[in-house]
Amino acid sequence: MTLIKSISGIRGTIGGSVNENLTPLDTVRFASAYGAWLQQRNPNRTDLRVVIGRDARISGKMISSLVANTLVGLGIDVIDLGLSTTPTVEVMVPLENADGGIIVTASHNPKQWNALKLLNEKGEFLNAEEGSKILQWAEGDKYTYAEVTELGRYSKMKDAIDRHIEHVLSLELVDGDAIRNAGFRVVVDAVNSTGGIAIPKLLDALGVECIELYCEPTGDFPHNPEPLPAHLKEISELVVKEKADLGIVVDPDVDRLALVNEDGSMFGEEYTLVACADYVLSQTPGDTVSNLSSSRALRDVTRNRGGQYEASAVGEVNVVEMMKANKAIIGGEGNGGIIYPASHYGRDALVGVALFLTHLAREKVSCKTLRDGYPSYFMSKNKIQLTPELDVDKILNDMSLKYEKEDVSTVDGVKIDFENEWVHLRKSNTEPIIRIYTESGSQAAADELAERIIREIRTIAGL
């Protein structure tokens, strides 16, 4: 059982001991720290408001109630969206002129996990400085709660997902007429979480026939909730059986989007962003950003459309910061996370679905044909366990020196760009592990590159 505290929030397993798991006391302490941070940022305000929402996991109602009542106890008003999605909460924070937001979700983690994701008044994740301050306060337990006449007010909002869908449909590059005329037939796997509410509603509004698979928001995940090919056998088979045009897969909090081709093959989680970016760039030329561990295909597509591509450190907040600095018109992460600033600066599977279906409808080709038209790369994701006494930073530095004649980035670990492939090495913040991501023109080549790098690391480390 585990409790992980980071600048982006607190994440842990339900049950067990205080400060070792995500217990009620840990939840209250962390929600109190967030509320106190909001109050310090707004010292003359007595009308602070926070939007909260949760995915459908089993512990969600309990954790959400603790969060809401803690904020009320601090004198902060709470707007509770109930069952919602991460991007819905992000969109509703500015729409409601709120001062922040908390999403109760452990994203793609299994059902025993839950988490608090923290947002600022723009509906965006906190930066490192802000997150660090909240972590410090969470350890201090020095909070001043409100007197009985100054308690915050609690209210519920039942139409947030509907409002989010209206927002998506209003985006200039979402062509509802083209999608309706295409007559798409789609299978949706929402892993029995809130995507089962949001995605079918969105598809219905776009005139798309939706065949639902695991769309009942019970929180009882029928398979590993991370939308990776190994976990998607059932939807792959159902797409073929139903003669659907494609399959749509989202994670429990609906910020990641994976697609399945009409023949049951994977469109590729990395290529969700590639396809959406290709469409957006074809309509509004500009620049793109993804992280250092994302596919080179986005770079290729961006350059093909006359734009500039740049890679940020891993982490959504880092992608967003670079997108703002570069005025990128679309970006995201290779895990199926689409960030489209014309909507908001957060990964949003609803936006991704609408942009992708518009692209597919206008191209008038099959999903598989569209995928085959993009540069084809293959990734290998590995890790190497080291002994605790080894200096991981020195090992990474030695690897960067070994390949100093190549295109090397040390922004986040060490990324080595070769002519036709790359490797990204990152250390874990919690254990002596180096994560090794490689990409090449074939799966065999990507695996071979990873094996070679692992051997070299072992040699440098004296293992």
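Bear in mind these aren't lab numbers, they're just calculated from the coordinates by the rules spelled out. A quick note: this is a predicted structure, and the numbers were derived from the prediction, not measured. Cβ placement follows ideal geometry from the backbone for every residue including glycine, while neighbour counts extend to all protein chains displayed.
Entry note, the chain: the mean residue ellipticity at 222 nm calculated from DSSP H runs of n ≥ 4, each adding -39500 (n - 2.57), is -12000 deg cm²/dmol after division by the residues and rounding to the nearest 500.
The K201 and Q136 beta-carbon pair, evaluated with R₀ = 41 Å, returns a calculated FRET efficiency of approximately 0.50. Taking all Cα pairs closer than 8 Å and separated by 6 or more residues, the relative contact order of the chain comes to 11 percent.
Taking every DSSP bridge with both residues inside region 3-158, close to 50 percent are antiparallel. Which of rounded, prolate or oblate describes region 195-275 when judged by the alpha-carbon gyration tensor and an a/c cut-off of 1.5? Because its axes are fairly even, with a/c under 1.5, region 195-275 counts as rounded. Other residues with beta-carbon under 9 Å from the beta-carbon of W113 carry, at +1 per Lys or Arg and -1 per Asp or Glu, a net charge of +3.
So what's the net charge close to E139: Lys and Arg +1, Asp and Glu -1, counting the other residues with Cβ under 12 Å from its Cβ?
Net of charged neighbours comes to +2.
Once both labels are modelled 7 Å past Cα along the beta-carbon direction, what's the V148-E242 spacing in nm? Going by the 7 Å Cα→Cβ label model, 5.5 nm. Calculated on C-alpha atoms, the gyration radius of region 1-51 divided by its Kirkwood radius gives an Rg/Rh of 1.09.
Placing dummy labels 7 Å off each Cα toward the beta-carbon, the span from V28 to D159 is 3.6 nm.
Counting other Cβ atoms within 10 Å as a rough exposure proxy, the listed residues H108, H231, H223 run H223, H231, H108 from fewest neighbours to most.
How big, on average over all directions, is the shadow cast by the Cα convex hull of region 3-158, in nm²?
That works out to 8.3 nm².
Taking all Cα pairs closer than 8 Å and separated by 6 or more residues, the relative contact order of region 414-460 comes to 26 percent. Arranged from fewest to most other beta-carbon atoms within 10 Å of their beta carbon, L169, L238 become L169, L238.
Give me the net charge for the shell around A56: Cβ to Cβ below 12 angstrom, other residues only, Lys and Arg +1, Asp and Glu -1.
Around A56, the charge tally is -1.
Translational diffusion of region 164-372, estimated by Stokes-Einstein from the Kirkwood radius over alpha carbon pairs at 4 °C in a medium of 1.567 mPa s, is 78 µm² per second. In plain terms, the chain from L169 to T410 could stretch by 82.7 nm, reckoned as 0.36 nm per residue minus the Cα-Cα distance. Whole-percent P(r), region 378-461, all Cα pairs, 5 Å bins from 0: 3, 16, 28, 26, 18, 7, 2, 0.
Fully extending the segment from D372 to N44 would add 112.4 nm, taking 0.36 nm per residue of separation and subtracting the current Cα-Cα distance. Given their separation in residues at 0.36 nm each and the Cα-Cα distance between them, E451 and I4 gain 157.9 nm when the chain is fully extended.
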